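Asks: Structure in structure tokens, see below.
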């Protein structure tokens, strides 16, 4: 299995076997780990984070001698200080900063969820005008059989008529 890891301006492109399985990882989202003969490239820009575990001897580009060498080369790719990913180094201070940023984002998402929960079930199309509608029903009048009648009175008559019609058509 030949793996090629290409250093681009903002990304690391990981190509497995040249068969089209290529993944681009933004350098600002990369964390590297080393485990025995493997180097793990962690993409924290995905949820959940995606890990690419590569055996150093399977990596043909960049050329490397062992896992320590591959780790150092990749660390150099993501530690670009000018014209590169701009993510700074992958030091624990940078990781702490990234975690703090993620915590801030999570806090904002929690606030939004709380606000959405507080408005859940409210009918905004009518709730602000509901009092106005009630007032109009009680005060607006129409002429019916030569006398003025409120809309509420008409609605009550309709309810009574409806009940009578139900009894006529559905006797118990």
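The values are calculated or read from the model by the stated rules, or taken from the named source; none is laboratory data. Note that the structure is predicted; figures quoted are calculated from it, not measured. Here Cβ is always computed from backbone atoms with ideal geometry, including for glycine, and neighbour counts include all displayed protein chains.
Asks: Restricting attention to the range 32-51, which residues are under 11 Å from residue 74 (Cβ atoms) and surrounded by 14 or more Cβ atoms within 10 Å (Cβ to Cβ)?
Replies: The answer is 32, 34, 39, 40, 41.
Asks: Right, next: Can you name the condition, by its number, that residue 90 falls short on among (1) modelled with pLDDT under 70; (2) more than 14 Å from residue 41 (Cα to Cα)?
Replies: (2)
Asks: Are any residues in the range 1-25 touching a strand residue (DSSP E or B) at 6+ places or on another chain (Cβ under 8 Å), surrounded by fewer than 17 Cβ atoms within 10 Å (Cβ to Cβ) and in contact (Cβ under 8 Å) with a residue 24 or more places away in the chain, and if so, which ones?
Replies: The answer is 1, 2, 4, 6, 10, 23.
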